[in-house]
Amino acid sequence: MGDFEDPPLGSYVRIELLRYKAKGVWLLLGALMCAGIYGKLVPALISALLQAVGMLQLPNSLYLTLVVMISHDFCYILHCLMLRGVTFMGWSEQYRCNPTAEWPWTADKALVSRTYTTLLFNFFVLIPVAIYLGLSSGSFDFPGGSIIPPLWEIIRQILFCMCAEDVWSFTFHRINHYRLPYRYIHKKHHEYKTSIGMTAEYAHPCEYLITNVAAAAVGPVMLGTRMQMVTFLTWLCYRIGDTVDQHGAYEFPWSPFSILPFASKG
Ligand SMILES: [Zn+2]
């Protein structure tokens, strides 16, 4: 799976039409869930987290590292556990993308163990490194503390971050599929025959920093001090949920992710 031909644009449009047809009226529920969870619930939880960690009176670098790691790790683990829980429920089989494929935790236990090790390294070593780099370059400076910005500002800035993330990750994912980057870097991300949610951040350290982390950071860095801390962390939580959902083995029509056109599963 190295070099590849881009499919014609028309096939993307056809896929999108089929995707929306499959969602049907569930699309409305997904959109409402998305607005409720990421417009109201998550900003309120983030605000409470910022207040709690703020009471520790830590230096700024440690404060930012802690709130990013708690938000990121909690969202990632929660979404992976929810998807793992769904595998035990018979009704979910009809929504599996590839119902005949064997689950990786029975087909390749060594790969699943390697995934846990990689995720731990990425979460607890590379994320603090990325925050340190962002702080030292002056890119991370989010004002507002625990204040929740107006809903329209949250939606508008998250939409901007989604577009910036899409352009960045498409570009670097495309580059990663050329022969040499694929062989030495990106192949690791494609070791799974059946993708599951937790493979979203199973990647080589270079890919993790340049593609995963930088793609999520490019929008906030461009917005600079116009983006408040609560919006930044809400965007991070949305992005984690979205990428775990995209890499997951299911296509639920009511999913609060992949609502917009051309946001289909990766
Ligand atoms: Zn790829």
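Every read-out reported here was derived from the displayed coordinates using simple, explicitly stated rules and does not represent laboratory data. This is a predicted model, so every value here is computed, not measured. As a convention, Cβ positions derive from the backbone with ideal geometry for all residues, glycine included, and neighbour counts pool all protein chains shown.
So the values come out like this:
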read-out	value
Most fluctuating residue given options A216, A249, A107, as computed from a GNM of the chain linking Cα atoms under 10 Å	A107
Residue among I175, L209, S92 farthest towards the positive dipole end of the stretch 88-242, charges placed on Cβ	I175
Net charge of Cβ neighbours under 15 Å - reference V86; Lys, Arg +1; Asp, Glu -1	-1
Expected 222 nm ellipticity per residue - DSSP helices of 4 or more, -39500 (n - 2.57), all of the chain, to 500	-18500 deg cm²/dmol
Long-range amide H partners of Y250 with built H, under 5 Å	C97
Whole-number percent relative contact order across the chain, with pairs defined as alpha carbons under 8 Å at least 6 apart	36
The chain: most fluctuating residue of M55, M227, M198 per GNM, C-alpha cutoff 10 Å	M55
Spread of Cα-to-Cα distances over 5 Å intervals beginning at zero, given as percent, for the stretch 139-266	2, 10, 19, 21, 19, 15, 9, 4, 1, 0
Fully extended contour minus Cα-Cα distance, from A22 to W254, at 0.36 nm per residue	82.5 nm
For peptides 200-213, 89-102, 69-82, 165-178, sequence by mean Cβ density within 10 Å, most packed first	200-213, 69-82, 165-178, 89-102
Net lengthening on full extension, R14/A107 (0.36 nm per residue, minus Cα-Cα)	30.1 nm
Most mobile of P149, P220, P43 in a GNM of the chain (Cα contacts under 10 Å)	P149
Whole-angstrom gap from the stretch 18-32 to the stretch 161-184, using each part's C-alpha centre	28
Sequence-distant aspartates and glutamates (8 or more away, or on other chains) whose Cα lies within less than 16 Å of K40	E153
